[in-house]
Amino acid sequence: MNDGTGEKRDIHRRKLRKITELSLGIPIIAICLLVSPLLNSFTKSDGQTEFAFVMIYIFGVWGALILMAFIMSRLLSSGADKR
């Protein structure tokens, strides 16, 4: 009757499921953060778009998304190793 180990295993599975669900949100976050500046830079009629700022923003967001994906993969792989 190892109810303690069963509960720990269930808690661990819930944590892995939450991390997996959170990692599925990365593409949605990427779409929301990247589409707006791209649309604004091409649809402004006054011609005052700072293209350099838009490029810095896009590559900064891209780097942050890569970092988020790396952290999620580390969390998921460490959770898989404990099984």
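The values are calculated or read from the model by the stated rules, or taken from the named source; none is laboratory data. Fair warning: this is a prediction, and the values are worked out from it, not measured in the lab. Here the Cβ is made from the backbone with ideal geometry for all residues, glycine too, and neighbour counts use every protein chain on show.
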Exercise. Quick check: is even one residue across the stretch 35-42 at negative phi, assigned to a helix (DSSP H, G or I) and at pLDDT 85 or above?
Worked result: yes
For this session: For residues that are of a type in the set (F, W, Y) and closer than 21 Å to P27 by Cβ, scanning just the stretch 49-64, find the one that is surrounded by the most Cβ atoms within 10 Å (Cβ to Cβ).
Result: Y57
For this session: Scan the stretch 65-81 for residues that are under 11 Å from the mean Cα position of the chain (by Cα) and either surrounded by 14 or more Cβ atoms within 10 Å (Cβ to Cβ) or at pLDDT below 80 (or both) and report the count.
Result: 4
